[in-house]
1. Counting only heavy atoms of the protein chains, get the accessible area per residue of the chain (1.4 Å probe) and round it to a whole Å² value.
2. Is the shape of the chain rounded, prolate or oblate, going by the alpha carbon gyration tensor and its root eigenvalues a ≥ b ≥ c, with a/c under 1.5 for rounded and a/b larger than b/c for prolate?
3. At a 1.4 Å probe, what is the % contribution of carbon and sulfur to the accessible area of the stretch 80-121?
4. Rounded, prolate or oblate: which one fits the stretch 31-74, using the alpha carbon gyration tensor with axes a ≥ b ≥ c (rounded when a/c is under 1.5, else prolate when a/b beats b/c, else oblate)?
5. Using a Förster distance of 22 Å, how high is the FRET efficiency between residue 70 and residue 31, based on the Cβ-Cβ distance and rounded to 0.05?
6. Where Lys and Arg each count +1 and Asp and Glu each count -1, what net charge lies around residue 15 among other residues with Cβ under 12 Å from its Cβ?
7. Using only protein heavy atoms and a 1.4 Å probe, report how much of residue 111 is accessible, in Å² to the nearest 10.
8. Within a Cβ distance under 14 Å of residue 33, other residues only, what is the Lys/Arg minus Asp/Glu net charge?
Amino acid sequence: QVQLVESGGGLVQPGGSLRLSCAASASGSDYTISDMGWYRQAPGKQREFIARITRGGVTNYAESVKGRFTISRDNAKNTVYLQMSSLKPEDTAVYYCNALVWRGSRGDNYWGQGTQVTVSS
């Protein structure tokens, strides 16, 4: 079983910054966490991709956040981060962490419980 726990959400003014964290924990030791990423879901909208990072550090971003958000990870801590800057009201959403976990040849996607980010004056 794999658990992802997000933290760092909150209320921030437009133009402000927040840093989200997501720590992964799993039972046993025979697993590898490959890609980790962030998604978000605003009220009345579908969940959308924000950013992703491979175990080797290769990143990709949604166009809407390029230049404003930075994803990074600490493999030793099984933790992924999302540094968000120049936040806009349209960034308001529940942010979810995602991880692809491999046990042998089987890979499964896991999701965190979500953390609310509200950008408002």
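The values are calculated or read from the model by the stated rules, or taken from the named source; none is laboratory data. Bear in mind that the values here come from a model prediction, so they are computed numbers and not experimental data. Backbone-built Cβ (ideal geometry, glycine too); neighbour counts: all protein chains shown. Surface areas here come from the heavy atoms of the whole protein model, side chains and all, with no ligands, DNA or RNA. Shrake-Rupley method; radii C 1.70, N 1.55, O 1.52, S 1.80 Å.
1. Numbers: 6320 Å² over 121 residues.
On a per-residue basis, the chain sits at 52 Å².
2. Prolate is the answer for the chain, as a/c is 1.5 or above and a/b outweighs b/c.
3. Numbers: 930 of 1970 Å².
The C+S portion of the solvent-accessible surface of the stretch 80-121 is 47 percent.
4. Cα axes put the stretch 31-74 in the oblate bin.
5. Values: r = 26 Å, r/R0 = 1.20.
With a Förster radius of 22 Å, E is 0.25.
6. Every neighbour counted, the sum reads +1.
7. Accessible surface of residue 111 is approximately 110 Å².
8. With Lys, Arg at +1 and Asp, Glu at -1, the neighbours total +2.
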